[in-house]
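K.L.:
Here it is: the structure, laid out below.
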Amino acid sequence: ASLKELKVDGGGTNNSLMMQFTSDMISVDVIKPVVMETTAIGAAFAAGLAVGVWESLDEIKSLWAVARTFNPSMSEEDRSKNWKGWKKAVERSLGWVESEEQIKTRAAKRARDRNVTILTTAIACLATFVCGVYSQKPSIQRNFTLSP
């Protein structure tokens with residue numbers, strides 16, 4: 001089945017550029033209703049139908065009205081170029097969000113790197129202290145021997 005028209009609703013329908021571009025890219029008419037918030041009006045229609053404000057769905061359907069219809073006007077060449085650009089943008093955006101496992105792995109690596117840095121600094125400080133003490137105490141130098 002092919003799409004013959006697209007009926008739209010919601011706040012985005014206020015953006016005429018978006019509606020026209022949608023029509024151009026899918027190559028069908030995009031129909032914007034007078035009442036854009038169809039979820040809210042649908043709930044009101046259902047409640048009104050339940051209590052007898054409206055007698056039938058046909059009566060409710062007759063209340064729906066078109067505010068504007070956006071007709072496709074883009075050339076096939078431009079549509080194809082834009083579609084290729086869209087696919088390229090989607091392809092480039094894939095993988096930029098990390099999985100939970102990738103986040104945990106990165107956090108663990110940072111923790112290991114931090115621990116190595118702390119350990120290296122502690123060893124350097126200890127070595128500096130020992131060397132400083134050893135070089136200033138001749139009595140330590142005489143009694144210090146390395147075992148094979």
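K.L.:
Heads up, I need the accessible area for residue 18: 1.4 angstrom probe, whole protein in place, Å², nearest 10.
P.N.:
80
K.L.:
Relative to the longest principal axis of the C-alpha atoms of the chain, give the angle of the C-alpha long axis of helix 76-93, reported between 0 and 90° and rounded to the nearest 10°.
P.N.:
30
K.L.:
Determine the gain in length on full extension of the stretch residue 26-residue 81; use 0.36 nm per residue of separation and subtract their C-alpha separation, reporting nm with one decimal. It would help to have the intermediate numbers written out before the result.
P.N.:
Numbers: separation 55, 0.36 × 55 = 19.80 nm, distance 1.34 nm.
Net length gain for the segment: 18.5 nm.
K.L.:
I've got another one for you. Roll a 1.4 angstrom probe over the protein heavy atoms and tell me the percent of accessible area of the chain that is carbon or sulfur.
P.N.:
Working: 7220 of 11870 Å².
Using a 1.4 Å probe with all protein chains present, the chain comes out at 61 percent carbon and sulfur.
K.L.:
Right, here's the next one. Could you please report the charge total around residue 19, scoring K, R as +1 and D, E as -1 over all other residues with beta-carbon less than 15 angstrom from its beta-carbon? Working shown, then result.
P.N.:
Working: positive: 7, 32, 68; negative: 5, 9, 24, 29.
Neighbourhood net charge equals -1.
K.L.:
What angle, in degrees between 0 and 90 and rounded to the nearest 10, separates the Cα long axis of helix 38-51 from the longest principal axis of the Cα atoms of the chain?
P.N.:
50
K.L.:
Can you count the Lys pairs in the chain with C-alpha separation below 17 Å, eight or more apart or on different chains? Each step should come with its number before you reach the end.
P.N.:
Working: 4/32; 7/32; 7/61; 32/61.
Within the chain, the lysine pair count is 4.
K.L.:
Can you give me the convex hull volume of the Cα atoms of the stretch 1-53, divided per residue and expressed in Å³?
P.N.:
Enclosed volume per residue, from the Cα hull, is 92 Å³.
K.L.:
Per residue, how much accessible area does the chain have with a 1.4 Å probe, in Å²?
P.N.:
Values: 11870 Å² over 148 residues.
On a per-residue basis, the chain sits at 80 Å².
K.L.:
Looking at the chain, which longest stretch skips every one of the chymotrypsin sites (Phe, Trp or Tyr not before Pro) that is in a DSSP loop with at most 10 other Cβ atoms within 10 Å, leaving the sites themselves out? Provide the component values of the computation, followed by the final result.
P.N.:
Details: sites that count: 96, 144.
Longest run free of exposed loop sites: 1-95.
K.L.:
With semi-axes √(5λ) of the Cα gyration tensor in Å in mind, check (1) 24, 17, 14; (2) 39, 19, 14; (3) 75, 24, 12 and report the label derived from this structure.
P.N.:
(3)
K.L.:
A follow-up question, please. Taking the Cβ of residue 102 as the center, what net charge do the other residues with Cβ under 15 Å away carry, scoring Lys and Arg +1 and Asp and Glu -1?
P.N.:
Values: positive: 104, 106, 109, 110; negative: 98, 100, 101.
Cβ neighbours under 15 Å give a net charge of +1.
The values are calculated or read from the model by the stated rules, or taken from the named source; none is laboratory data. Keep in mind that what you see is a predicted model, and the values were worked out from it rather than measured. Every residue, glycine among them, receives a Cβ derived from its backbone with ideal geometry; neighbour counts consider all protein chains shown. These accessible areas exclude ligands, DNA and RNA; they are computed on the full protein's heavy atoms, side chains included. Shrake-Rupley method; radii C 1.70, N 1.55, O 1.52, S 1.80 Å.
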